[in-house]
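Report on the following structure.
The numbers here are math on the coordinates, done by the rules we state, and not lab data. Computed from a predicted model, the values in this text were never measured in an experiment. With ideal geometry, Cβ positions are generated from the backbone for all residues, glycine too; neighbour counts draw on all protein chains shown.
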Amino acid sequence: AQEPVRVLVTGAAGQIGYALVPMIARGVLLGSNQPVILHMLDIPPAAESLNGVKMELVDAAFPLLKGVVATTDVVEACTGVNIAIMVGGFPRKEGMERKDVMSKNVSIYKAQASALEKHAAANCKVLVVANPANTNALILKEFAPSIPEKNISCLTRLDHNRALGQISERLNVQVSEVKNVIIWGNHSSTQYPDVNHATVKLPSGEEKSVRELVADDAWLNGEFISTVQQRGAAIIKARKLSSALSAASAACDHIRDWVLGTPEGTWVSMGVYSDGSYNVPAGLMYSFPVTCRNGEWSIVQGLSIDEFSRKKLDLTAEELTEEKALAYSCLS
Ligand code: NAX
């Protein structure tokens, strides 16, 4: 039998946590043959609710779930984990300054970085979901210098999946037949959803470019982009709550593809530490198109970037540079 994999979910008593932990326990994350032990962390005010989630996990009698650790102790939560999905953070509340929210998250991610560095399993893979996701991941990387930077990422897969969904609806094709959209940059409204290399597999088996099939550049360069950028706000307006099931599902997609590999000829979007590819400043956590193999991602190289795209890649990089500066100003 396979050894169980220990998966940490922080903020596990929250909305996304509630959708995510059953997916993990069912094998959506690592496949239906891989046993898991869930480590769930939240803060003391949520301890009782966290314990309720643990009770429900017991009640669900998941065959793959070999144990549950529910705790408010960061060290206990991080000990021995192979995968860490960081969903817990400080939300922006009405009337709060950006700097105040950043400051709270910087201190959370600094502390959790140290705990992971000291107590997680060697080669632990980290996914940051909590906003500001890119910058929280950057802080985590800075304060966990012994965790390889290749092991730290942030979630833009939800945006990627939203882009696939919009193209599928517009062309009335199955979403599984659409691939190779790209989310560039920040998980924020400056992100650039790019369809210039995206394709659809037609019933004949032929692959055609999305641009050719949609045949409406005004829509692709306008409404499509803003719909994807603003989708989070549209969900809040409709549900009076922010995206949760789609975020949890995207987090599973992100980890599964990272660990088990992306299909041949397909790339996905991941927020990763920039090495300067596509002239994105090195040292930012930036979303790129990546392929994964043997548990490692690599940035897809050599894609052509037109002038329209270049401006958008730069704009979202500028926002990340500012966020990074703001985060650093919170450290002093
Ligand atoms: P909730 O407020 O429902 O849950 C957050 C949970 O985190 C709460 O239970 C809270 O007690 C806990 N928490 C706070 N500080 C903590 C700490 N220091 N250690 C451990 N746990 C802590 O929010 P939810 O809707 O679940 O969203 C969670 C995060 O995901 C938010 O930051 C949100 O902005 C972010 N999102 C990111 C997305 C992405 O694509 N990257 C999309 C969805 C989501 O908006």
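The modelled label-to-label distance between residue 314 and residue 15, using points 7 Å beyond Cα along the C-beta direction, is 3.6 nm. The helix-based estimate of mean residue ellipticity at 222 nm for the chain, built from -39,500 (n - 2.57) per DSSP H run of four or more residues and divided by its residue count, is -13500 deg cm²/dmol to the nearest 500.
Residues in segment 194-200 carry Karplus couplings, in order, of 10, 10, 5, 10, 7, 9, 10 Hz; the curve used is 6.51 cos²θ - 1.76 cosθ + 1.60 with θ = phi - 60°, and Gly or Pro positions show x. Candidate cross-link partners of residue 208 among the lysines, defined by an alpha-carbon separation under 24 Å and a same-chain spacing of 8 or more, comprise 179. The Rg/Rh ratio of the chain, with both radii computed over alpha carbons and Rh defined as the Kirkwood radius, is 0.96. Is segment 235-281 rounded, prolate or oblate when judged by the Cα gyration tensor, a ≥ b ≥ c being the square roots of its eigenvalues, rounded requiring a/c under 1.5 and prolate requiring a/b larger than b/c? Note, shape of segment 235-281 comes out oblate. For the chain, the longest principal axis of the Cα atoms and the long axis of helix 133-142 meet at an angle of about 60 degrees. Does anyone have the angle between helix 98-119 and the longest principal axis of the chain? Alpha-carbon axes, 0 to 90°, nearest 10? Relative to the chain, helix 98-119 is tipped by roughly 60 degrees. Here the spin labels are modelled as points 7 Å beyond Cα on the Cα-Cβ line, and at residue 305 and residue 61 they lie 5.4 nm apart. With neighbours defined as other Cβ atoms within 10 Å of a residue's Cβ, the residues 313, 38 order from fewest to most as 313, 38. A viscosity of 1.567 mPa s and a temperature of 4 °C, combined with the Kirkwood radius over Cα pairs in Stokes-Einstein, give a translational diffusion coefficient for segment 130-170 of 110 µm²/s. Near the amide H of residue 242, within less than 5 Å, lie no amide hydrogens of residues on another chain or at least 5 residues away, with H placed in the peptide plane.
Summary of the geometry: segment 282-332 and segment 39-117, compared by the centres of their Cα atoms, lie 26 Å apart.
Rounded to two decimals, the Cα radius of gyration of segment 86-200 over 2.2 N^0.38 Å is 1.27. For residue 66, which lysines qualify as cross-link partners when the Cα separation must be under 26 Å and same-chain residues fewer than eight apart are set aside? Answer for residue 66, where 26 Å is the Cα cut-off: 54, 118, 125, listed by chain and number. Sorting 59, 275, 194 from the fewest to the most surrounding beta carbons within 10 angstrom yields 59, 275, 194. Peptides 113-119, 20-26 ranked from most to least packed give 20-26, 113-119, packing being the mean of other C-beta atoms within 10 angstrom over each peptide's residues.
Proximity of backbone amide H atoms, modeled 1.01 Å from N, is registered between residue 125 and 83, 84 at under 5 Å, excluding neighbours fewer than 5 places apart on the same chain.
Evaluating 6.51 cos²θ - 1.76 cosθ + 1.60 at θ = phi - 60° for every residue in segment 287-301, the Karplus couplings come out as 7, 10, x, 9, 10, 10, 8, 6, x, 10, 8, 9, 6, 5, 9 Hz, glycine and proline recorded as x. Based on the Stokes-Einstein relation at 37 °C and a viscosity of 0.692 mPa s, and on the Kirkwood radius from alpha carbon pairs, segment 100-139 is assigned a translational diffusion coefficient of 310 µm²/s.
On full extension, the segment bounded by residue 177 and residue 93 gains 26.3 nm, given 0.36 nm per residue less the C-alpha separation. Counting only aspartates and glutamates at least 8 places from residue 99 when in the same chain, those with an alpha carbon closer than 20 Å to its own are 142, 318, 319, 322, 323.
Under 5 Å from the amide H of residue 39 lie the amide H atoms of 7, 8, 9, 69, each residue being 5 or more positions distant or on a separate chain, with H modelled from the backbone and absent for Pro and chain starts.
Does anyone have the angle between helix 47-60 and the longest principal axis of the chain? Alpha-carbon axes, 0 to 90°, nearest 10? Tilt relative to the chain: about 80 degrees.
Stretched out straight at 0.36 nm per residue, the stretch from residue 122 to residue 230 would grow longer than its current Cα-Cα span by 35.1 nm. Over 18 Å between C-alpha atoms is what I'm after, so list which of 110/324; 141/324; 93/237; 237/311 land there. Correct reply: 237/311. Computed extension length for residue 279-residue 48: 78.4 nm, one decimal, from 0.36 nm per residue of separation with the Cα-Cα distance subtracted.
Given a Förster radius of 30 Å and the C-beta distance between residue 294 and residue 23 as r, what FRET efficiency does 1/(1 + (r/R0)^6) yield to the nearest 0.05? Step by step, r from the Cβ atoms, then E = 0.80.
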